[in-house]
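Here is the structure we will look at.
Nothing in this text is a laboratory measurement; each read-out follows from the coordinates by a stated rule. Here the structure is a predicted model, which is why all the values come from computation and not from measurement. Cβ sites come from the backbone with ideal geometry, for glycine too, and all protein chains shown count toward neighbours.
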Amino acid sequence: MLVDGRNVQGAVERGAGPGSMPTGTLISRLRAAFPPPIEVELILDGHRGASPSGRIARGLSVAFTRDLTADQVIGGRVSEALRALGPAGAWSVVVVTDDREVRAHARRNGARVEGTAWIADRLAAPTRPPARPGTSFGGGRPPGRPGRPTPRRDAGRDRDRDLG
């Protein structure tokens, strides 16, 4: 998956206000939303500055384009994928952008294209199902106070049976 980083950041900011998605936050959300074996490359215009670059984690890389644009770098990666994988294999490449020229180039070269709304939904969605009561330590019972035993749920039923 090739992600047009500034394009995604801009789309998220339009929905939530300026400055809402710093690069570090985008990186951590991508890592959580797309675990290995999915390979994600976040491509950002400009120079690295204080942001991380290179292979960040298994399945996640960050590339800063320096003197090129992210559009040019994504176009080059898509063309390389077509040469290396052939037309059928190029379909395994997903390009995430709202840029019309990048979308058109990716489609001409056999890659799939998704918009920034598609990835924004995945970045906002919880990555793990919430824990159900009774599936962790304590069997769903509330914690007891130190020095006092935690009552069993059925303790009252035993007492009621004895009285009845």
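Some points to look at:
- Magnitude of the charge dipole for the stretch 2-124, about its Cα centre and with charges confined to Cβ atoms of Lys, Arg (+1) and Asp, Glu (-1), is about 240 debye.
- Once the C-beta distance of residue 57 and residue 122 is scaled by a Förster radius of 25 Å, the resulting FRET efficiency is 0.90 to the nearest 0.05.
- Length added when fully stretched, residue 92-residue 108, from 0.36 nm per residue minus Cα-Cα: 4.4 nm
- Calculated FRET efficiency for the pair residue 85/residue 28, C-beta based, R₀ 30 Å, to 0.05: 0.55
- Simple rule: put +1 on each Lys or Arg Cβ and -1 on each Asp or Glu Cβ in the stretch 2-124, find the dipole, and look at 49, 73, 34; the Cα lying farthest toward the positive end is 34.
- Coordinate range along principal axes, alpha carbons of the stretch 2-124, Å, largest first: 39, 30, 27
- Using a cutoff of 8 angstrom between alpha carbon atoms and counting only pairs six or more residues apart, the relative contact order for the stretch 2-124 works out to 26 percent.
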